[in-house]
Amino acid sequence: HVQLVESGGGLVQPGGSLRLSCAASTSIVTIDTMVWYRQAPGKERELVAVITGGGDTKYAEPVKGRFTISRDNAKNTVSLQMNSLTPEDTAVYYCYRYNGMVYWGKGALVTVSS
């Protein structure tokens, strides 16, 4: 049974930083595309950042230049470094894994507020 478990969420002030991690229960290999999504209150889930097995990355426009996605296949983890956070970044952040099958984590809440 494949599990994805997010951690690192919490409350941060505007302008602050957080680092989310996603731990996989099975080995993350090069065929896995890993993605971070988020869902803000009252809004639809949206893609935040993607990293392919080859290490190529893509970001949603609102987070470009502020967020960085990375992966460590040896540790079966994917991370999302979030800097210069704003209240608009407040959301539940979900880890997503695709390798022909789809897996979702349960999410980690990030609240940006003073």
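The values are calculated or read from the model by the stated rules, or taken from the named source; none is laboratory data. Values in this document were obtained by computation on a predicted structure and should not be read as measured data. Ideal geometry is used to build each Cβ from the backbone, glycine not excepted, and the neighbour counts take in all protein chains shown. To get the accessible areas, we keep the full protein, side chains included, count just its heavy atoms, and leave off ligands, DNA and RNA. Shrake-Rupley method; radii C 1.70, N 1.55, O 1.52, S 1.80 Å.
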Within segment 11-56, track down each residue that is under 15 Å from Thr90 (Cβ atoms), polar (S, T, N, Q) and touching a Ser or Thr at 6+ places or on another chain (Cβ under 8 Å).
Gln13, Ser17
Six or more apart or on different chains, Cβ atoms under 9 Å: show the pairs whose first residue is in segment 35-59 and at negative phi and whose second is open to solvent by 90 Å² or more (accessible area, probe 1.4 Å) and of a type in the set (Asp, Glu).
Ala40/Glu88; Val50/Asp56
